[in-house]
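Encoded as structure tokens, the structure appears first; notes follow it.
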Amino acid sequence: MCAGSGTGNLLRADRGGAARMTVERAEAEAEAEADGDTGGDTDADGTSASSSASAPPPHPAAEDRQETVPRHVACVMDGNGRWAARRSLPRTSGHRAAEATVIDVIEAARTAGVEWLSLYAFSTENWQRPSGEVDFLMRLVRRVVRKHAPLLHARGIRCRFLGVTDPRIPGPLARDFTDLMTLTSRNRGMTLTVAFDHGGRRDIVEAARSLIRDGVPADAVDERLFAAHLPFPDTPDVDLLIRTSGEQRISNFMLWQVAYAEWMFPPVLWPDFRAPHFLECLHTYRQRDRRFGGVTPHANGEAHS
């Protein structure tokens with residue numbers, strides 16, 4: 001089992017039947033983080049993933065952090081394979097090194113005041129990758145979920161998994177996803193959505209099918225009603241989408257929700273992306289003029305009504 005033998009179950013049922021986390025493990029994780037133990041992976045040359053990262057930009061000024069932050073930030077975590085290739089390592093090493101970035105970004109988003117964070121972990125198209133890589137990713141994701149679930153819960157983060165419909169997903173991994181969602185469902189901190197076996201087009205098709213099954217007349221369908229039939233309909237539209245590695249593609253990610261998102265394409269590969277890079281993206285977002293197809297008031301010196 002990916003979590004290793006002798007560790008025991010991280011999730012267990014309480015007397016009321018709801019899954020809950022062992023308090024001892026959560027406290028231990030929180031203490032380890034406070035002591036500076038980031039749990040980062042080590043590269044072949046003995047350096048940690050965080051220490052091998054490229055020099056990040058400086059933190060935005062303190063006063064800037066008090067300004068409006070995007071409510072919903074989504075990240076396309078791109079560049080793991082290229083990170084490994086540049087070090088003459090197998091692609092799986094890049095995926096393993098990405099774990100430290102995931103935790104760093106989650107904590108940076110939470111402390112910055114982001115209410116919703118969505119991470120694109122595995123797409124419906126990723127099933128086309130070599131079977132060995134897919135199997136490794138399934139094991140890795142389960143290990144990461146079980147390792148960090150106590151701390152996520154202790155931080156008050158509500159966890160969700162978008163997708164997870166393909167029968168090829170191992171049963172134990174799917175159950176861990178369900179357990180973590182159940183465990184954190186009442187948390188009122190940041191909502192973390194992990195898109196796993198996700199496809200934006202599929203979500204739209206399924207919403208259309210749902211409307212048809214409900215017998216909704218075509219003339220009654222508007223954007224609000226359609227959105228109500230998408231998975232997790234309470235999810236707000238994405239305000240800021242970050243795709244690392246410099247690639248500039250949507251890649252079938254939350255197609256409905258990103259309609260008016262601000263896009264940023266930092267050249268940093270995902271395993272090298274850290275909290276200062278994330279905060280710099282938030283700082284840049286604040287400089288954007290979001291018009292949503294309208295006209296900025298007083299544009300060209302004229303008031304707009």
Overall dimensions of segment 173-213 as given by Cα atoms, namely Rg and Dmax in Å: 13.6, 35
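For segment 76-142, what class follows from the C-alpha gyration tensor (a ≥ b ≥ c being the square roots of its eigenvalues): rounded when a/c is under 1.5, otherwise prolate if a/b is larger than b/c, else oblate? Intermediate values should be presented prior to the final figure.
On the way: a/c = 2.41, a/b = 1.63, b/c = 1.48.
Because a/c hits 1.5 or more and a/b exceeds b/c, segment 76-142 counts as prolate.
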Carbon plus sulfur fraction of accessible area for segment 141-253, probe 1.4 Å, in percent: 52
Whole-percent pair-distance distribution, where bins are 5 Å wide, for the alpha carbons of segment 140-259: 2, 9, 18, 18, 19, 18, 10, 4, 2, 0
At 1.002 mPa s and 20 °C, Stokes diffusion of segment 201-296 via Kirkwood alpha-carbon radius, µm² per second: 137
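The values are calculated or read from the model by the stated rules, or taken from the named source; none is laboratory data. Please read all numbers here as calculations on a predicted model, not as lab measurements. In case anyone asks, the SASA skips ligands and DNA or RNA and just uses the protein heavy atoms, side chains included. Shrake-Rupley method; radii C 1.70, N 1.55, O 1.52, S 1.80 Å.
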